[in-house]
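Structure record follows, encoded as structure tokens.
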Amino acid sequence: MSECFNRTGKGNIKCIFFSEFHTTAGPKVTFQVPENYVLKDVFDAVSVYIIPKTELHNKVITVNALDYKILGYPVAIDSHIYPRNSLIFNVCFVCDGSSRTVQYETVIRKLSGYLVGLEVECQFLSKEETKCQLPQIMERILIELNNNGICTIPINESNTIYLRVVPASQDPPLVEDHHVPVFFNRTAFVASQWDLTTQQILPFIDGFNHIAKIAAETDVEISLVKACIQNMVYYGVVTLIPIFQYSNVYTVTPNIQQLAEDKSLQEECLKYIGRPGNLPNFRDVFTLYCGLAPGTTVRDLCIRFNPHTMHVDERQICVTAIA
């Protein structure tokens, strides 16, 4: 399902274990696959977070310690049929300490919900004849989620476990007053699909206006403008660049080769950076791009080549170079 699961192994579930509160032994690992992955001394060191106090029940808990990242969802089922009138358990995913595990939070919560339902319905966890099925179930979950990001496991005639890992997107960057939003593809943007505040600020997103100026021009609270732009960044509609200044220094990367070879990209570039009514010559434009180098400011570039005589807007040159 996602390359991070089965190609690189980064983010894979290394172990699944079932822990419960035993009336005489206290917190313990009853089952784990593979066996002995989480050693007793490791479990004892973090058991207070695996079988926690009541206040932390029914909450996703992530423990990052001893090179492990353990994700669990402790649950207590209260009933007079149990010793001490409560069954407390936690099924946990174990990953490498450096792994990102937020994508498993919904999965672990849903899995715990299935186990609670099975216990309430047929005492699946409190009867040894059904509880012994857990290692086989956990092994299938481990293998199928790592390989495919999805698993379907029939338990009995009326219950089936369905789990799916949905990779979580990275959080968008913070939007500051000085950031300048610029569209990736303005023509493909459908304004009617966005909220009214976003539609109000759209005409002022031109690749040059910074956040504070957009807020002032539109008379919209700056915090709302930041929220709208951050949402657009999250969905890949815009990106953020620094304010254009003639004292800025830019430099090209090896990606300039794409512009030299791609005719359609060249045409798009000329339309964007050309001054109204005049398309520049691509050779002149490419010379300007290659003139962007360490130690050379935009002012230096303009003095040397005079982009106006080439029908080029030097501000757009810089916007396309970094957007």
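The values are calculated or read from the model by the stated rules, or taken from the named source; none is laboratory data. These numbers were taken from a predicted model, which means no experiment stands behind them. When we count neighbours, we look across all protein chains shown, and the Cβ atoms used for this are built from the backbone with ideal geometry, even at glycine. Please note that ligands, DNA and RNA were not included when accessible areas were found on the heavy atoms of the full protein model with its side chains. Shrake-Rupley method; radii C 1.70, N 1.55, O 1.52, S 1.80 Å.
Any residue at all in segment 86-98 that is among the polar types (S, T, N, Q) and touching a Leu at 6+ places or on another chain (Cβ under 8 Å)? Full working, then the answer.
Looking only at segment 86-98, we keep the residues that are among the polar types (S, T, N, Q), and these are 86, 90, 98.
Now drop any that are not touching a Leu at 6+ places or on another chain (Cβ under 8 Å), which leaves none.
No.
Return yes or no: is Val252 in a loop (DSSP other than H, G, I, E, B) and surrounded by 13 or more Cβ atoms within 10 Å (Cβ to Cβ)? Walk me through how you get there before you give the answer.
On the way: in a loop (DSSP other than H, G, I, E, B): yes; surrounded by 13 or more Cβ atoms within 10 Å (Cβ to Cβ): yes.
Here the answer is yes, as Val252 does meet what is asked.
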Counting only residues that are surrounded by fewer than 19 Cβ atoms within 10 Å (Cβ to Cβ), among the aliphatic types (A, V, I, L, M) and under 19 Å from Lys69 (Cβ atoms), segment 95-133 contains a total of 1
Tally, over segment 301-319, of residues that are open to solvent by 50 Å² or more (accessible area, probe 1.4 Å) and under 15 Å from Phe244 (Cβ atoms): 1
Residue check, Ser192 against (1) modelled with pLDDT of 90 or more; (2) small (Gly, Ala, Ser); (3) more than 23 Å from the chain's Cα centre (by Cα); (4) more than 27 Å from Asp313 (Cβ to Cβ), all met but one. Which one? (1)
Considering only segment 225-246, I want to know if a residue exists there that is more than 23 Å from Ile205 (Cα to Cα) and among the β-branched types (Val, Ile, Thr). no
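Tally the residues that are open to solvent by 60 Å² or more (accessible area, probe 1.4 Å) and farther than 16 Å from Ala76 by Cβ, restricting the search to segment 13-27. Walk me through how you get there before you give the answer.
First, the residues of segment 13-27 that are open to solvent by 60 Å² or more (accessible area, probe 1.4 Å): 14, 21-22, 24-25.
Subset that is farther than 16 Å from Ala76 by Cβ: 14, 24-25.
Residues in segment 13-27 being open to solvent by 60 Å² or more (accessible area, probe 1.4 Å) and farther than 16 Å from Ala76 by Cβ: 3 in total.
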Would you call Val220 β-branched (Val, Ile, Thr), more than 21 Å from the chain's Cα centre (by Cα) and either on the phi > 0 side of the Ramachandran plot or part of a loop (DSSP other than H, G, I, E, B) (or both)? yes
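Within segment 228-245, which residues are out of contact with any helix residue (DSSP H, G or I) (no Cβ under 6 Å at 6 or more places or on another chain) and either loosely packed, with under 15 Cβ neighbours inside 10 Å or not in a helix (DSSP H, G or I) (or both)? Please lay out each step first, then the result.
Within segment 228-245, the subset out of contact with any helix residue (DSSP H, G or I) (no Cβ under 6 Å at 6 or more places or on another chain) is 229-237, 239-240, 242-243, 245.
Within segment 228-245, Tyr234, Tyr235, Gly236, Val237, Thr239, Leu240, Pro242, Ile243, Gln245 qualify.
What residue, of Arg275, Arg283, is out of contact with any Leu (no Cβ under 6 Å at 6 or more places or on another chain), surrounded by fewer than 16 Cβ atoms within 10 Å (Cβ to Cβ) and modelled with pLDDT under 90? Don't jump to the end; show me each part of the working.
Numbers: Arg283 fails: modelled with pLDDT under 90.
Answer to the check: Arg275.
Would you check which residues across segment 116-161 are assigned to a strand (DSSP E or B) and either farther than 17 Å from Cys92 by Cα or in contact (Cβ under 8 Å) with a residue 24 or more places away in the chain (or both) and list them?
Filtering segment 116-161 for residues assigned to a strand (DSSP E or B) gives 150-156, 159-161.
If the condition is that a residue be assigned to a strand (DSSP E or B) and either farther than 17 Å from Cys92 by Cα or in contact (Cβ under 8 Å) with a residue 24 or more places away in the chain (or both), then Ile150, Thr152, Ile153, Pro154, Ile155, Asn156, Asn159, Thr160, Ile161 are the ones that fit.
Take Val91 and decide whether it is within 24 Å of Gln136 (Cβ to Cβ) and surrounded by 17 or more Cβ atoms within 10 Å (Cβ to Cβ). Outline the logic, then answer.
Details: within 24 Å of Gln136 (Cβ to Cβ): yes; surrounded by 17 or more Cβ atoms within 10 Å (Cβ to Cβ): yes.
Answer is yes for this residue.
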